[in-house]
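J.: Take a look at the following structure, please.
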Amino acid sequence: MSRTGQLLVFSLALLAPLGAGAEEIVTVSGRPGATQSYLLLHYPSPQAVAVLFPGGEGLLRLHAEGGAVKFLRDKQVAVAVVDSPSDQQSAGMDDGFRTGRAHVADVAAVVKDLKERFPGARVFLVGTSRGTLSAAYVGRALSNAVDGVVLTSTVFYGGRRLGGTGLAGFDFAAIKAPLLIVHHRHDACRACPYGPAENLGKSYPLITVMGGKPAESEECEPLSAHGYYGKEAETVAAIKNWILGRPFPKAVE
């Protein structure tokens, strides 16, 4: 699942047309001996900031090319895409790191920096696939320091490759911020079945996605139902509405 989540992650930045705005790579530090970089895409005075955790190893190796980062961004929701920290750049983040204290410290520094940059904006953690481990564990640890947590294509059952951690037994009630679950009904990734997401929908808001394009990648990669292939824009629009406190669809078809 090395690329999983990046398609959805950058779809959020593609909702608005190209125009005046800022894009930059920001580096902060929340613990000795390590730095945490994130890609920030924004217009002035956003209403909210989505802190995005891609799947797989979470390894983006952010860098500017030609002195600029070329992405679009949304006028109302700024986007902060979290890279692996400096001491995890070799192989990226495994499950142990995503669920540990060091990751919490790194992301806390990102959230603090974003709140200083955008004091009027609400901050949401958004994880996709294995990035849901980051969003869930960090969201629980940061408590009221964030305004909401969004889990998309949640990893409920871990495999051997990155540490084997899943969220099937996670105490979601320990996340004090509002929680949104997003899942494709036909996600065929073995780690991310729809059933547990549907069950969570009894206690939390759930957006169920259906349809889309035929898969052009493996089941746990982005060009499939797991990555909302063919339904990216509609899915991200529904998430954006929830973030902004607007009515949102319970089903994306």
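The values are calculated or read from the model by the stated rules, or taken from the named source; none is laboratory data. Computed from a prediction, not measured in an experiment: that's the story for all the values here. Cβ coordinates were reconstructed from backbone atoms using ideal geometry, including for glycine residues, and neighbour counts include every protein chain displayed. Heads up: the accessible areas ignore ligands, DNA and RNA and are worked out on the full protein's heavy atoms, side chains in. Shrake-Rupley method; radii C 1.70, N 1.55, O 1.52, S 1.80 Å.
J.: List the number of the failed condition for Arg246; all other conditions in (1) more than 19 Å from the chain's Cα centre (by Cα); (2) more than 20 Å from Val123 (Cβ to Cβ) hold.
T.: With respect to (1) more than 19 Å from the chain's Cα centre (by Cα); (2) more than 20 Å from Val123 (Cβ to Cβ), Arg246 is out only on (2).
J.: Right, Gly158: buried (at least 17 other Cβ atoms within 10 Å of the Cβ), assigned to a loop (DSSP other than H, G, I, E, B) and in contact (Cβ under 8 Å) with a residue 60 or more places away in the chain or not?
T.: So Gly158 passes the test.
J.: Among the numbered conditions (1) outside any strand (DSSP E or B); (2) at pLDDT 85 or above; (3) open to solvent by less than 10 Å² (accessible area, probe 1.4 Å), tell me where Gly58 comes up short.
T.: Gly58 satisfies every listed condition except (2).
J.: Is at least one residue of the stretch 223-235 charged (D, E, K, R) and in contact with a strand residue (DSSP E or B) (Cβ under 8 Å, 6 or more places away or on another chain)?
T.: Yes, there is a match, as at least one residue in the stretch 223-235 is charged (D, E, K, R) and in contact with a strand residue (DSSP E or B) (Cβ under 8 Å, 6 or more places away or on another chain).
J.: Out of the residues in the stretch 172-227 that are basic (Lys, Arg) and in contact with a helix residue (DSSP H, G or I) (Cβ under 7 Å, 6 or more places away or on another chain), state the one that is most open to solvent (accessible area, probe 1.4 Å).
T.: If we take residues in the stretch 172-227 being basic (Lys, Arg) and in contact with a helix residue (DSSP H, G or I) (Cβ under 7 Å, 6 or more places away or on another chain), then Lys176 is most open to solvent (accessible area, probe 1.4 Å).
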